[in-house]
Amino acid sequence: MTVEQRVRKVMANHADVSKLTVNDELKALGLDSLDLVEVSMEIEEEFGIQFEMEDIAQFNTLGDVLRIIESKIK
């Protein structure tokens with residue numbers, strides 16, 4: 001499973017991500033700041049990584065989330 005597939009699986013617990021592209025804003029899914037914190041915690045667990053609050057503040061698009069994850073797992 002790719003990084004993107006794993007992230008989509010986590011996010012699917014909070015919103016319909018079936019039509020989400022890497023350039024779409026997460027706000028379009030109806031995710032609020034609390035949802036993003038919950039998603040980030042689940043992603044941390046999924047990948048065994050730790051986000052800083054600055055990382056979470058940069059979660060504007062799916063592409064942003066993927067870029068930050070990939071920088072932490074390398």
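Details
- Positive-end ranking of 28, 60, 3 along the dipole of the chain, with charges on Cβ about the Cα centre, is headed by 3.
- Compactness relative to 2.2 N^0.38 Å, alpha carbon Rg of the chain: 0.97
- Our estimate of slack between residue 21 and residue 37, defined as 0.36 nm per intervening residue step minus the Cα-Cα distance, is 3.7 nm.
- Shown for 27, 19: other C-beta atoms within 10 Å of each C-beta, ranked fewest to most, produce the order 19, 27.
- Dipole magnitude for the chain: computed about the Cα centre from +1 point charges on Lys and Arg Cβ and -1 point charges on Asp and Glu Cβ, it is near 340 debye.
- The chain: GluC sites (Glu not before Pro) in DSSP coil with no more than 13 other Cβ atoms inside 10 Å: 52
- Chain lengthening between residue 58 and residue 46 when straightened (0.36 nm per residue, less Cα-Cα): 2.4 nm
Where a number appears in this text, it was derived from the coordinates with a stated rule and is not lab data. Just so you know, these numbers come straight off a predicted model, no measurement behind them. Virtual Cβ from ideal backbone geometry, glycine too; neighbours counted across all protein chains shown.
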